[in-house]
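Below: one structure, written as structure tokens.
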Amino acid sequence: LFFDDHHVITGFEFSGDDLDATSTTNTATMVSVRGRVVANTKSLTDLNYKGWINTYSAYAQDEWRLPADFTLTLGGRQTWVESKLTSTNDPVMTGRKAKSNDENAVFSAGLVWRGIKDTALRGLFAQGYRHPNLQQLFIGTTHGSGTPTYANPDLKPETSATGELGARYDNGAFYIDLGGFYTQSDDYITTQLQTGGANYMFVNVDEALTYGSELSA
């Protein structure tokens, strides 16, 4: 598109998730005195949730073949997210907001050099964006430990920036790839033990750093 040395990809993407869920909790309480059971009660709780989340995004990427065996790739994506809890009987969600909207733009750039036979050297930078899902916003979970993890409708989307340097050699009979990466995530979504230690909640933390290297051969 435009010129022979440009390869441009553009598009629009939509995804929609609908939620219709019931969480059932079966609680048994036993009271014993001097080893003899004097009370044994059971209770059953059904919590119902209905909601949806829609994600729209438009994107474009240009792969540009440059002189001296260089290839430059530039990309961008704009994302819009709408989510709503339409109904629930969960008392934890009473009085809390049941709607979340957000939009975000991310960009990426990469430079690859193929001046040596069967070899490619690369440098990459990319931004990331992740909106909290319906479980984190509105439902929560007791799976795993049995300790409740409460939803948090005030969660912010998670954003990140990643840099990578790497080299690849592939002659058809032998292949090796080595890369190093560094990622900083802001408003990182995780779980946190609440005051009193009786339950957890999905929360944002200021930042999380991830770095390392990968080798494949």
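Evaluate the following for Leu111: is it within 30 Å of Ala60 (Cα to Cα), touching a Gly at 6+ places or on another chain (Cβ under 6 Å), open to solvent by 40 Å² or more (accessible area, probe 1.4 Å) and in contact (Cβ under 8 Å) with a residue 12 or more places away in the chain? In short, yes. Taken together, the residues in segment 77-107 that are open to solvent by 60 Å² or more (accessible area, probe 1.4 Å) and under 24 Å from Tyr56 (Cβ atoms) amount to 10. Restricting attention to segment 37-96, the residues being of a type in the set (D, E, K, R), farther than 30 Å from Arg122 by Cα and assigned to a strand (DSSP E or B) number 5. Scan segment 19-34 and tell me whether some residue there is assigned to a strand (DSSP E or B), surrounded by 12 or more Cβ atoms within 10 Å (Cβ to Cβ) and aliphatic (A, V, I, L, M). Checked segment 19-34: at least one residue is assigned to a strand (DSSP E or B), surrounded by 12 or more Cβ atoms within 10 Å (Cβ to Cβ) and aliphatic (A, V, I, L, M). Would you call Ala173 among the aliphatic types (A, V, I, L, M) and either closer than 17 Å to Glu214 by Cβ or at pLDDT below 90 (or both)? Taking the combined requirement at face value, the residue does not satisfy it. Each residue in segment 176-190 was checked for being modelled with pLDDT under 95 and aromatic (Phe, Trp, Tyr), and 1 of them qualify.
The values are calculated or read from the model by the stated rules, or taken from the named source; none is laboratory data. Given the structure is predicted, the values throughout are model-derived calculations rather than measurements. FYI the Cβ positions are ideal-geometry reconstructions off the backbone, even for glycines, and counts take in every protein chain you see. Accessible surface areas use protein heavy atoms only, side chains included; no ligands, DNA or RNA. Shrake-Rupley method; radii C 1.70, N 1.55, O 1.52, S 1.80 Å.
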